[in-house]
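The values are calculated or read from the model by the stated rules, or taken from the named source; none is laboratory data. No experiment lies behind these values; they were computed from the predicted model shown. Cβ sites come from the backbone with ideal geometry, for glycine too, and all protein chains shown count toward neighbours. The area values use the complete protein model at the heavy-atom level, side chains included, leaving out ligands, DNA and RNA. Shrake-Rupley method; radii C 1.70, N 1.55, O 1.52, S 1.80 Å.
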Amino acid sequence: MTQALPKTKLITFEEFLAWYPENSQRRYELYDGVIVEMPLPKGKHERVVGFLASQTTSEFLRLKLPYFIPKTVIIKPPLHESGYSPDVLILNNDNLVNEPVWEDESFITQAASISLAIEVVSSNWRDDYLKKYADYEEMGIREYWIVDYAALGGREFIGDPKQPTILVCSLDEGEYRVTKFRGDDRIVSPTFPELTLTAQQIFNAGT
């Protein structure tokens, strides 16, 4: 599970950036003023992340879209003292000129800069299904995937009995519409409508 680092008070996002260890081998996020150390990823988790990054990169290169996947970028929801680092984050290079601090600080504040955010579920699954879902929706990120290859999430999200599931959350009039994909279902992505990728192919990447 994720564990908040000990501290005596809540901190601001700016304080979080100043605190963040340079060249850290660990990942940290900020949840409403509390620094949270992310769990060390397992091999299967990283294989799924790598597969998704390579597949989506191939697609936006094929379509000649002005997208790229950064090594380390933090998403800052404007209304909260929080900062998230998705497993896969596809940025729209054309909008970065509108980001107020992009040239000096590696964080994003505008939904228009984000083409797709993907979280691959691990032991802290409630963060992906609840907190990040709510903040990404409120921020206006147009597409968010929750990839639960190990069926860790709650039954209300992935069924009873639990089964590996991918939730594609696409923004519609300010709210996410959620479509679930399992097995041989082809992923339907508003960002990449021609993507030919099934849920099972993604799950198999972790084996």
**Fill in**
With a ≥ b ≥ c from the Cα gyration tensor eigenvalues, square-rooted, and the rule rounded for a/c under 1.5, otherwise prolate when a/b > b/c and oblate otherwise, region 125-172 is prolate
**Request:** Pull up the cross-link candidates among the lysines for Lys42, meaning alpha carbon to alpha carbon under 23 Å and not fewer than 8 places away within one chain.
**Result:** Lys71, Lys131, Lys132, Lys162
**Prompt:** Roughly how compact is region 1-80, stated as its Cα Rg over 2.2 N^0.38 Å to two decimals?
**Reply:** 1.37
**Shape parameters for the chain, alpha-carbon atoms, Rg then Dmax in Å** = 16.5, 50
**Message:** Through the Karplus equation 6.51 cos²θ - 1.76 cosθ + 1.60, θ set to phi - 60°, convert the phi angles of region 160-165 into ³J(HN,Hα) values in whole Hz; use x for Gly and Pro.
**Reply:** 9, x, 5, 8, x, 8
**Top positive-direction residue, dipole computed over region 59-163 with Cβ charges, set Tyr136, Ile69, Gly159** = Gly159
**Fill in**
With -39,500 (n - 2.57) per DSSP H segment of 4 or more residues and division by the full residue count of the chain, the 222 nm estimate, nearest 500 deg cm²/dmol, is -6000 deg cm²/dmol
**Fill in**
Env charge @ Glu105, Cβ radius under 15 Å, K,R +1 / D,E -1, value -4
**Sequence ranges 60-67, 163-170, ranked by mean other-Cβ count within 10 angstrom, highest first** = 163-170, 60-67
**Euclidean distance of C-alpha centroids, region 133-148 and region 152-178, integer Å** = 11 Å
**Asked** Given just the C-alpha atoms of region 101-185, how large is their convex hull per residue in cubic angstrom?
**Response** 105 Å³
**Request:** Name the residues whose placed amide hydrogens come within less than 5 Å of the amide hydrogen of Glu81, ignoring near sequence neighbours (fewer than 5 apart) on the same chain.
**Result:** Asp32, Gly33
**Request:** Roll a 1.4 angstrom probe over the protein heavy atoms and tell me the percent of accessible area of the chain that is carbon or sulfur.
**Result:** 50 percent
**Complete:** Residue-normalised value, i.e. accessible area per residue, for region 1-121 at 1.4 Å probe, in Å², stands at 54 Å²
